[in-house]
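Everything below concerns the one structure shown next.
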Amino acid sequence: MESDEETDYEPSWRGVPGTIILINAYENSKHNIFGPVHVATCRLLKQYMRLVSVRKIGVYIFGTEETASSTFDTKPVIEIIPLSVPSLDDYNRLKKTDITSFKEAKEFRLSNALWHCSKMFANCKTLLSSQTVILLTHLDTVPIADDEKPTLNRAIDLVDANVDIKIINVSDHQYEIHAYYEDFWKIANKGVDVNMPEPIYDSVMIEKLMYQESHRHLAVAKLNFEIGQDFNIGVGVYTLLKSPSQSIKRTVNLHIDTNTPLTSLTKTMKVTVDSDEGEDVESEPKQVPLLKSETIHYQEYGGERVEFSDNEKKMIANPFGPPMMKLLGFKPATVISKEKWYLKMGYFLFPNESVIEGSTVAFKALHKACMETGVIAICVLCTRVNAKPLVVALSPCSRPLDLNADVGFDVVIIPFVESVRDLNITEEDDDASSSIEKAHKKLMVNILNATTVDFKPDMFENPKVQYTYRAIESIAFEDEEPEPITDTTKQSPDKFEDVDDELFEELFGPFGSLSLKRPGTKSSEKVAKKKKGDPIDEELFNARLQDEKINAYSVPQLKNILIYKDIQNLPALTGLKKNELVALVYKHCK
């Protein structure tokens, strides 16, 4: 960069995502969709509160008679939770909401609910990085005749304002979707023909759909893609998977007495000396605030400090200029093996009309050219001002992870030469040891194939953390018992039925609660005596054994009994639970 003026035009993408959940209450007595939707929405709020998310969530009910509790004079729309960061009070308010307390409207109108959404987004005081409307409804009842066209016009206005409209078809049976909603769905997808959503009634699946729809459309960066000289298009760089750093929970400092959250403030000060009083008067140094423009960075080189200003440091960290993507050239698609794509988590590239209008046409042309010629695009990508540039490959794809994206590019990060090392792999001789090694490799391949699942990373939960959350939530929500969880990280034992037991034990060794002790070395002259336990009350033990009341013994007493009985081939007792020790006593002593 030849001047500092370019840094003034660096794009900065700030803000928090905003989501409005619209629940249709019209003819609820007939369709009964509020039950699973209510449970799913409560679970969604819990999920965001666990993550300490800053997302703005609003929950509204429409399809009821006019009431005075609505905002913006949209009386048929009832506000349950305003567009804000969800809190415990919001959750309790939603949990206590009873749909039977609202009277169903005599006529079904949808345009008022969509107009209310646009007003809520426009009047939100927080800068929103994305705006999403999730419509939970059934698709067999259309608005009244004089509201059909206004509803479509409201949908067009929302789409033109970069608001994503998502429909979740809530129903417990298959039914014929009205043709009116096909036009509405086409408008919501910006003119692209997409299959209508399938009916779903399970609250857990509804929660997953809402969670997916509310986080997958968040762009990591919105950039200019420089294809040639004086020819740029607008693109959005998306991450389809969450990195491990995103699951780290923030630490909140609390006051030791009142438990109120504490905030910290960092101040930079400098020491200055006033010289206005004259040379004869000694001036005392004092501290004054240090401006950010006065901050100086330095690097020691050759025994001296080389100083840099804040702008100069940014230029050194990113010599390629503001965040952008630049096309370098093309390579055959065969030069990149798809198995090596997972060296580092990549991105997904999609056109963005909000950056440059008409970008979709040029983006589709580039996608079509790459598909027909069998090539990939090599580019330089820089997503942030302080991020180092990366060399990436753009591989054309469509509909990744079931997204409604007909065209797009997988962004594959290419490692630098310093990040690649050669492995000295030598071929082994074809002897007995190599045959055992091949058998072990085959065993591991079978185990990996058995544990392969349909990966949904956004809904895999850490069971250890979730148990803690459930205990805290049961206290906060005043529940009688903590909410049970399903450990999705555990595999079904049926998948391991075909695994060779002998090879598995040979490779991993015996393990588990009932693994046998390794035999010690015995001398032909002297055999070590086995440790004998303390004497036990035989009469009491026999009585409890006959009455099956061995549970009355403590864990140390059960271990002492097993050792005292001098049982042959007794398993290791360290780490066993009480019920396992009781089972061993019944097995060897009864």
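Which residues, counting only those in segment 556-590, are loosely packed, with under 14 Cβ neighbours inside 10 Å and assigned to a helix (DSSP H, G or I)?
Correct list: 556, 578, 579, 586, 587.
If residue 133 satisfies all but one of (1) open to solvent by less than 40 Å² (accessible area, probe 1.4 Å); (2) assigned to a loop (DSSP other than H, G, I, E, B); (3) modelled with pLDDT of 85 or more, what's the number of the condition it fails?
Residue 133 satisfies all of (1) open to solvent by less than 40 Å² (accessible area, probe 1.4 Å); (2) assigned to a loop (DSSP other than H, G, I, E, B); (3) modelled with pLDDT of 85 or more except (2).
Specify the residue that is modelled with the highest pLDDT; the eligible residues are those in segment 408-433 that are open to solvent by 100 Å² or more (accessible area, probe 1.4 Å) and aliphatic (A, V, I, L, M).
Filtering segment 408-433 for residues that are open to solvent by 100 Å² or more (accessible area, probe 1.4 Å) and aliphatic (A, V, I, L, M), the one modelled with the highest pLDDT comes out as 417.
In this structure, does residue 162 turn out to be under 28 Å from residue 124 (Cβ atoms) and out of contact with any Ser or Thr (no Cβ under 9 Å at 6 or more places or on another chain)?
Judged against the criteria, residue 162 is not a match.
Across segment 330-366, what is the number of residues that are at pLDDT 90 or above, within 13 Å of residue 393 (Cα to Cα) and either of a type in the set (A, V, I, L, M, F, W, C) or open to solvent by less than 20 Å² (accessible area, probe 1.4 Å) (or both)?
Result for segment 330-366: 1.
Mind telling me which of the residues 138, 116 ends up being closer than 21 Å to residue 209 by Cβ, touching a residue at least 40 places away in the same chain (Cβ under 8 Å) and not β-branched (Val, Ile, Thr)?
Every option except 138 fails the conditions.
Looking only at residues that are surrounded by 14 or more Cβ atoms within 10 Å (Cβ to Cβ) and free of Cβ contacts under 8 Å to residues at least 40 places away in the same chain in segment 468-487, which one is nearest to residue 204 (Cα to Cα)?
Ranking the candidates gives 483 first.
Just to verify a result, which residue in segment 169-203, among those that are modelled with pLDDT under 85 and β-branched (Val, Ile, Thr), is nearest to the chain's Cα centre (by Cα)?
Filtering first and then ranking leaves 194.
Among the residues of segment 375-394, write down those that are open to solvent by 20 Å² or more (accessible area, probe 1.4 Å) and assigned to a strand (DSSP E or B).
Within segment 375-394, 375, 378, 380, 390, 391 meet the criteria.
Restrict the check to segment 107-119 and report whether at least one residue is over 26 Å from residue 353 (Cβ atoms) and open to solvent by less than 20 Å² (accessible area, probe 1.4 Å).
yes
Only residues that are assigned to a loop (DSSP other than H, G, I, E, B) and out of contact with any strand residue (DSSP E or B) (no Cβ under 8 Å at 6 or more places or on another chain): list them for segment 136-170, please.
140, 141, 142, 143, 144
Which condition number does residue 119 fail, the rest of (1) out of contact with any Phe, Trp or Tyr (no Cβ under 6 Å at 6 or more places or on another chain); (2) modelled with pLDDT of 85 or more; (3) in a helix (DSSP H, G or I); (4) not small (Gly, Ala, Ser) being met?
With (1) out of contact with any Phe, Trp or Tyr (no Cβ under 6 Å at 6 or more places or on another chain); (2) modelled with pLDDT of 85 or more; (3) in a helix (DSSP H, G or I); (4) not small (Gly, Ala, Ser) applied to residue 119, the lone miss is (1).
The values are calculated or read from the model by the stated rules, or taken from the named source; none is laboratory data. The model shown is predicted, which means the values in this text are computed figures rather than measured ones. Ideal geometry is used to build each Cβ from the backbone, glycine not excepted, and the neighbour counts take in all protein chains shown. Accessible surface is based on the protein model in full, side chains and every heavy atom, while ligands, DNA and RNA are left aside. Shrake-Rupley method; radii C 1.70, N 1.55, O 1.52, S 1.80 Å.
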